[in-house]
Each structure stands twice: as C-alpha cells, then as structure tokens.
1. If we keep just the residues of the range A:101-150 that are without any contact (Cβ under 8 Å) to a residue 24 or more places away in the chain and of a type in the set (D, E, K, R), which is most open to solvent (accessible area, probe 1.4 Å)?
2. On the given criteria, is residue B:154 at positive phi and crowded, with 21+ Cβ neighbours inside 10 Å?
3. Could you pull out the residue among A:94, A:68, A:51, A:90 that is in contact with a strand residue (DSSP E or B) (Cβ under 9 Å, 6 or more places away or on another chain), on the phi < 0 side of the Ramachandran plot and basic (Lys, Arg)?
4. Return the residues of the range B:191-213 that are open to solvent by less than 40 Å² (accessible area, probe 1.4 Å) and either away from chain A (no Cβ under 14 Å) or at pLDDT below 90 (or both); say none if nothing qualifies.
5. Limited to the range B:101-138, what total is found for residues that are among the aliphatic types (A, V, I, L, M), open to solvent by 10 Å² or more (accessible area, probe 1.4 Å) and within 14 Å of chain A (Cβ to nearest Cβ)?
6. How many residues does the range B:49-100 contain that are of a type in the set (Phe, Trp, Tyr), more than 14 Å from chain A (Cβ to nearest Cβ) and not in a helix (DSSP H, G or I)?
7. Within the set of pairs 6 or more residues apart or between chains, which connect a residue that is in the same structural domain as residue B:102 (by TED's automatic domain parsing) and more than 22 Å from residue B:172 (Cα to Cα) inside the range B:9-36 to a residue that is polar (S, T, N, Q) and open to solvent by less than 10 Å² (accessible area, probe 1.4 Å) with Cβ atoms less than 8 Å apart?
8. Taking residue B:266 as the residue in question, decide whether it is in a strand (DSSP E or B) and either in contact with a helix residue (DSSP H, G or I) (Cβ under 8 Å, 6 or more places away or on another chain) or open to solvent by 30 Å² or more (accessible area, probe 1.4 Å) (or both).
Amino acid sequence: MNSQPKKELSVNAIENGTVIDHIPGEITLKVVEILSNPDDVMTIGVNLPSKSLNKKGFVKISNRFLTKEETSKIALIAPTAKVNIVKDYKITSKSQVFLPDQIKGIVKCNNPICITNKEITPSVFDVLKALPLKLRCHYCERTMGSKDLHLL
Amino acid sequence: MLDFQNKHIVSIREFTKEGLLKIISLAEKMAEKPPQDLLKGKILGTLFFEPSTRTRLSFESAMSRLGGSVVGFADPKSTSTQKGETLDDTIRMINGYADAIVMRHPVEGAARFASEHSSIPVINAGDGANQHPTQTLLDLYSIEKTQEKILSEGKKTLKIGMIGDLKYGRTVHSLTIALSMFKCEFYFIAPKILRMPDDYLHVATDAGCKIHQMENIEPVIPELDILYSTRIQAERFFDINEYNMVKNAYVLKADLFKNVKNNFKILHPLPRIEEIDRGVDSLPYAYYFQQAANGIPVRQAILALVLGAIK
C-alpha cells in the first residue's frame with residue numbers, strides 16, 4: 001500500500017510581520033483588497049466563529065508593517081480590527097486601529113460638485129465620529145457616513 | 001478668531017462668538033461714519049465665476065466707499081478659465097494684482113481650495129450650496145440692529161422663525177450655526193420634504209438652544225422676534241403639483257401679521273420671487289431691503305479687518 005502524505009492546511013505563525021484580527025467577517029476580503037500587494041505572503045482567515053462579532057476574519061502579512069494610511073483605511077471600514085506587530089514569532093505590540101482627527105487622500109467625497117472631484121487635489125476629511133462613522137469634507141463641508149464611503 | 005488681518009473668510013464654522021460680535025460692532029461704526037480713505041491704495045480682486053448682483057455690487061461699493069479700488073470679472077467666459085486654467089493658477093495670478101480676493105464659484109469647497117493657494121486673504125462670496133459667510137454676517141448685523149443689541153448684550157433669548165426651503169437653503173444653515181452661539185430659540189417652519197437637516201438641528205440642540213419644527217406658521221407668529229423667509233425652488237420637487245401646493249402654503253401675506261410683537265421683523269436674503277407678497281413690503285415689519293443695504297457696512301468691516309486697516 002502506498003502511503004499518501006497527510007493533507008492539511010497549515011496556518012503557521014509568522015516570523016516577522018503584521019496580523020490584523022477582529023475584522024468583521026464580511027469585511028475581511030475588503031481589508032485584503034486594501035493591503036494586497038503582488039509580492040506579499042498573506043494568510044487569510046474568513047468567517048471564523050467569534051463571540052463578539054458573530055463571524056470574524058484575520059489577515060497575516062509576512063515581512064510588512066502597515067503605513068498610517070493603511071491603518072486609517074482599515075479603521076474606516078473595520079473599526080473593531082486589531083493590529084498585532086510580530087517580531088521573531090512574538091507579538092511585540094497589539095493595538096486597536098484608530099482614525100486620526102483628519103484623513104487625507106484616502107476617501108472620495110461623495111459630493112459630485114466638490115472641488116476635490118473637479119481639481120487635482122487630494123480629498124481631506126475631518127473625522128467627527130468614528131462609531132458610527134461620520135466624516136465632514138474639509139472643502140465642501142458635506143458629511144458622510146459609512147454607507148457613502150468610497151475608498152481611493 | 002479675533003485677529004482677522006490677512007485671514008481668509010471661508011466658512012461661518014470657523015468663527016467664534018467674539019469674532020462675530022467684533023465684525024458686527026465694527027459694521028455699526030462703519031454705518032455711522034465710514035472712514036473715507038481707510039483703504040486708499042488697496043485693491044480688491046473680485047472673481048465672480050457665477051452671476052451675482054447684490055454680493056458683487058455691495059463688495060465693490062464697500063471697497064470704493066473706503067477709498068479702495070476694484071479689479072476683477074463678473075463673467076468667467078471672458079477669462080482664461082475658459083482656456084482651461086486651473087483655479088489655483090488663477091488665484092496665484094490674482095495674488096500679484098490685488099491685496100484681497102472676493103470669490104464666488106459654483107463648485108463647493110472652491111473657496112477653501114483657493115485660500116490654500118493664496119497668500120492674500122480670500123473672502124468667500126458663495127461656493128455653490130455650501131457657504132456664504134458674509135451673508136450670514138449681514139443677517140446677524142440686521143438682527144442685532146433691529147432687536148436692541150440682543151446678540152451683544154446676551155440677556156434676552158432671540159426667538160427666530162425660519163420658513164421655506166430649510167433642507168437646501170444655504171443661508172438658513174449658516175444662520176443656524178451662527179445663532180447657536182447665542183441665546184436663541186428656533187422655530188423651523190417647512191413642509192416635511194424640506195425640513196432642516198438633522199446635522200443643523202444637532203448644532204442648535206448641542207449648543208443648548210430650544211428648537212421647534214412645524215408645518216404651519218400661523219400659531220407661532222405672535223411669538224417671533226424675527227421671521228427669516230427663503231425661496232422654495234421648483235427644481236427640488238419631483239412632482240410639480242406637490243410644488244404648487246407647498247409654494248402657495250408658504251407665501252407670506254400682510255394679513256398674517258396682524259398680531260405680532262412690536263420689535264418683529266421679516267428678513268429674506270433676496271431675490272424674493274413669490275414667497276413674500278408685495279403687500280408686505282409697506283408694513284413696518286418688512287426689513288429685507290434694509291437688510292440687503294446692511295451688506296455695505298458689514299463688508300466694509302470685513303475688508304478693513306482682513307486688510308489690516310483696523311485691528
């Protein structure tokens with residue numbers, strides 16, 4: 001009898017990099033989209049059982065740490081997410097994603113006649129509230145919630 | 001904001017109560033005796049990318065009466081914008097020609113954008129449906145003037161009704177933000193589909209102001225110190241019959257004002273179309289034409305402050 005190698009999915013710990021967990025289940029793939037980079041090694045878990053979120057997801061990225069802009073983007077769509085920094089297989093820091101008071105160039109203003117949709121200039125939003133999300137355009141002063149959100 | 005020298009006037013949200021009162025107080029002095037040579041040698045650039053009658057003429061008149069001069073355009077078709085020049089390039093160019101800029105532009109946020117590319121003060125004279133801060137300042141000045149210094153003294157609560165299109169009306173939004181800094185009770189009178197948006201209701205209630213929302217004006221008229229009327233625009237309605245019904249329900253006629261307070265005044269940003277019957281014009285409560293004239297001392301005060309002629 002030929003012995004077949006045992007088939008199993010390995011979700012290994014990463015040596016160095018970032019683990020984003022506590023992502024609401026349905027948002028996980030959007031987070032992947034924000035972070036995707038053709039050269040990165042990523043491990044993704046979706047729809048895992050969670051007491052607080054019902055279903056949650058995680059994303060592990062080897063040898064990469066998030067920029068401020070990436071963290072803000074994740075905070076906009078997944079405010080419950082936590083970012084773990086892994087160095088030498090150990091979690092060296094764990095923090096909740098957070099939004100700065102002002103975000104620049106990452107969200108499109110949903111007002112078609114806003115100057116940011118007419119001239120070549122980055123959008124700027126003041127964050128009035130993180131949960132539920134409320135942003136005000138620094139230019140046209142329109143407010144937006146999560147349902148109007150279009151990430152750039 | 002209290003020191004206005006070389007500052008941009010873009011949005012009413014940036015003002016403090018003290019800043020608003022400073023402009024109102026200076027406007028009172030300007031109305032009494034405008035210093036004729038105060039802005040001699042200064043040049044105001046007026047950039048009107050959209051038509052305007054009152055605002056443009058009152059800025060030009062305010063500047064001329066203080067001894068300053070004006071360059072600019074009232075029709076963007078005659079400018080290099082038509083050749084594809086970007087707004088920031090136009091602003092940089094005007095920076096070399098003038099000491100301050102007054103700009104009206106159909107694009108929302110254009111004034112903020114312009115201010116970020118300008119080393120001379122930019123005064124927003126209307127950016128689409130967003131902000132028109134000098135209109136709000138002249139509204140406040142008109143209230144202060146007709147209501148025995150109610151804003152600066154801060155003893156009495158101003159009872160103001162706002163009627164008409166409260167959903168899309170730029171003037172009533174800005175006025176709500178500004179008046180929420182003072183003792184004020186608001187009566188928002190509008191058909192359901194044109195009610196004041198929640199954002200502005202919250203500005204008032206968060207500041208501790210009482211608010212009332214209603215569709216019928218008659219019961220509240222005896223309560224009011226000020227009634228601020230705005231135009232209901234046909235293009236806001238999907239159904240023209242609905243518009244006709246609403247439009248007629250919000251026409252102010254003389255017989256509505258039989259039982260009003262002695263200090264009662266009707267304000268309107270103009271142009272008035274049908275929402276105030278001509279029969280109201282001769283009543284002692286009609287203040288809207290004087291309100292438009294108040295644009296001169298208010299704009300003189302703003303120009304004098306941003307150009308540093310008065311600290």
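The values are calculated or read from the model by the stated rules, or taken from the named source; none is laboratory data. Fair warning: this is a prediction, and the values are worked out from it, not measured in the lab. So basically every Cβ, Gly included, is an ideal-geometry build from the backbone, and we count neighbours across all protein chains shown. Note: areas computed on protein heavy atoms with side chains; ligands, DNA, RNA excluded. Shrake-Rupley method; radii C 1.70, N 1.55, O 1.52, S 1.80 Å.
1. Per the criteria, the residue is A:147.
2. Considered against the rule, which asks whether it is at positive phi and crowded, with 21+ Cβ neighbours inside 10 Å, residue B:154 comes out as no.
3. A:94
4. B:191, B:194, B:196, B:204, B:209 - these are the residues of the range B:191-213 that are open to solvent by less than 40 Å² (accessible area, probe 1.4 Å) and either away from chain A (no Cβ under 14 Å) or at pLDDT below 90 (or both).
5. 2
6. Of all residues in the range B:49-100, those of a type in the set (Phe, Trp, Tyr) come to B:49, B:59, B:73, B:97.
Next, from what is left, pick out any that are more than 14 Å from chain A (Cβ to nearest Cβ): B:59, B:73, B:97.
Then keep just the ones that are not in a helix (DSSP H, G or I); that gives B:73, B:97.
Count: 2.
7. Within 8 Å, the pairs are B:30/B:300; B:31/B:294; B:34/B:300.
8. Values: in a strand (DSSP E or B): yes; either in contact with a helix residue (DSSP H, G or I) (Cβ under 8 Å, 6 or more places away or on another chain) or open to solvent by 30 Å² or more (accessible area, probe 1.4 Å) (or both): yes.
So residue B:266 passes the test.
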